[in-house]
Structures are given as structure tokens and as C-alpha cells.
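Report on the following structure.
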């Protein structure tokens, strides 16, 4: 019987450790960068935010929780472990393991995966952290070559949090172009090392929309499934294009929806004979009751890090989800 996996991604908005976190959890470089932004961020606020995030994660996949969840804007492994424990309180059947990249980002925010080891395993030496470098390092791209428990198949997942648009969308575009090139390069490397039939799924907050050059030209993504399945090169199928025709987004800027959070699947997940087939019509922006606010139904941020705290908030991004079916 085929197995179905629920994959989710979420920018969890500044999930930082407490203000007085020990040096082992917050290096001096990060402490100097964030300065007074962390002031007043108590253990109680941190844990409240984690509980709010866990309440949403527990609603994913019809209340069963995702099989694998990519996250970004997390400070350290400690808060990830707290998050995994909080989700277990909501969904006792899930005991997530963590893959975490302690990146070179100045603010110390990282990319990670939470995954259920009952359905996916991580073989030794199959986790990679790819540096994105253009004058200075930013968040690394996290690559995990998972193995499915059911079919013993290699499945490469890439977690991305590309450089922001701070300083201007066009002025900062070069940084995201480099990130796109980095993703495209390591997509090709997966196929060289693990074989040309290896399924690959990239996900992330790309800080650009599906039509921007960083994704189309540099990451080689397209809206056309046929272009991906018939290609002799290495394009990726961007599954978020249909969302662009709706009023919804994953992040809102001045009340305008942006689709910054996306899934990209390679040929081996798009062809009709795929052993791990992505279900494009299952892609969804997850807007659970209470997680949005206002006329335009925007995400309800938790705040912190210099912004007003809403203890009943969650994140300034909506999570996204998709289903993948593994053949017998």
C-alpha cells in the first residue's frame, strides 16, 4: 500500500532563546548584533511563543502533525528541542528528531528540519550545510538526504532561508541570485552522487516570489510541469504558481500578499512513474482559525525582537504544506 507523507514549511518569526541565554547557546557575536532587541524576552515569553507555534503544528495534516517540517528564523538547537517537546504535548504520537544548521548569519537565525524518525531516517554523513557567500555569509542551505523507512529510498530535502530584501528589493537581489545558484548546483550534485532518479524537494522562505529571477533564472524553477518532466537539464517545478492567482499570500507587506514561502520539486517527483510523487493539487497555505487578523486576513505575528508582543500571536508568515506519495 502506498505511503503518504505530509511535508510542511514555516518561517516561525524570530524564535529566539531568552534574553539571558548562556554563552553556550548565544555566542558573543550574536549577542552584539541583536543588542537591545532581545531585552525583555523572558523565558515565559519564549515558552509562550513555542506553545503557540506547537498548537499550529499539531493541527497540520488533519491533526496528526507533519511527517517532516522545515523551519527558519530559529536561534539555536535549544529552542528547537523545546519546540519538538511542545509539539509532542499536542500530538503525543509524534516524537520529532531535529536536524539543525548553526549558520553564519549575523543575527544567529538558523534553518532546521523536524522529522518523525518512524517514517524517515538520516543516514550518517548525509546532512550538509551549504554556505551562501557574497562578500559575507548568510543563512546556509540545509540539505538532508533522508531515507524512507517504508521503501528504503533516498529523498533529498533542501531547507532555504534566502537573504532578505532589507536595503531594497533590487539592491539586495544579487544575494538571492547567489542563493539560487547554490541551490541549483547542489541539486545537480545530489543526482550525480545518488543517481539520476533521486527525488529532490526544496522548500523555504526565498524572500522572492516564484516569478523573480533568483528562482526562475538562478534556481532554474518553472511553473510548467511538462518543462520539468521532459527536460534534459535540471529544472525544478515550482508548486506555488497557482497561489499567485488568489488573494492569499504567505507573507504580507503593507497589506499586499507575497508568496515568499514555496515548494520546488525536481523531475523525479513530477513524472507519472515517480517513486516519490508530489501531489501538486495538495499544496496549501495553512491559515487555521485564530492565526490571521484584519481585513486582509494577514498572519498574526507574535512579535518580540524590538516589536510589540502579541501573546496570542504566532508568526508573521503562514506555514505551507504538501503531500507526497511513495509507491509500493
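The values are calculated or read from the model by the stated rules, or taken from the named source; none is laboratory data. Just so it is clear, the model here is predicted, and its values are computed rather than measured. Positions of Cβ are generated from backbone atoms using ideal geometry, with glycine treated the same way; all protein chains shown enter the neighbour counts.
From the list 243, 259, 283, 278, the lone residue that is in contact (Cβ under 8 Å) with a residue 12 or more places away in the chain and over 17 Å from the mean Cα position of the chain (by Cα) is 243.
Of the residues examined, residue 223 is not one that is touching a strand residue (DSSP E or B) at 6+ places or on another chain (Cβ under 9 Å), at negative phi and at pLDDT below 95. The single residue among 163, 199 that is surrounded by 17 or more Cβ atoms within 10 Å (Cβ to Cβ), within 19 Å of the chain's Cα centre (by Cα) and either under 28 Å from residue 253 (Cα atoms) or without any contact (Cβ under 8 Å) to a residue 24 or more places away in the chain (or both) turns out to be 163.
For segment 123-221, list the strands (runs of 3 or more DSSP E) that sit wholly inside it and hold at least 1 residues that are farther than 16 Å from residue 263 by Cα; which are they? Full working, then the answer.
Numbers: elements: 127-130, 141-148, 154-161, 200-205.
The qualifying strands (runs of 3 or more DSSP E) are 127-130, 141-148, 154-161.
Among the residues of segment 286-313, the ones that are assigned to a loop (DSSP other than H, G, I, E, B), without any contact (Cβ under 8 Å) to a residue 60 or more places away in the chain, on the phi < 0 side of the Ramachandran plot and within 22 Å of the chain's Cα centre (by Cα) come to 3 in all.
I'd like the residue in segment 314-328 that is part of a strand (DSSP E or B) and touching a helix residue (DSSP H, G or I) at 6+ places or on another chain (Cβ under 8 Å) and, out of all such residues, is farthest from residue 242 (Cα to Cα). Checking each candidate, the answer is 324. Among the residues making up segment 222-240, a single one is touching a residue at least 40 places away in the same chain (Cβ under 8 Å), assigned to a loop (DSSP other than H, G, I, E, B) and touching a helix residue (DSSP H, G or I) at 6+ places or on another chain (Cβ under 8 Å): 234. Look at (1) free of Cβ contacts under 8 Å to residues at least 40 places away in the same chain; (2) closer than 18 Å to residue 9 by Cα and you find that residue 126 fails only one, number (2).
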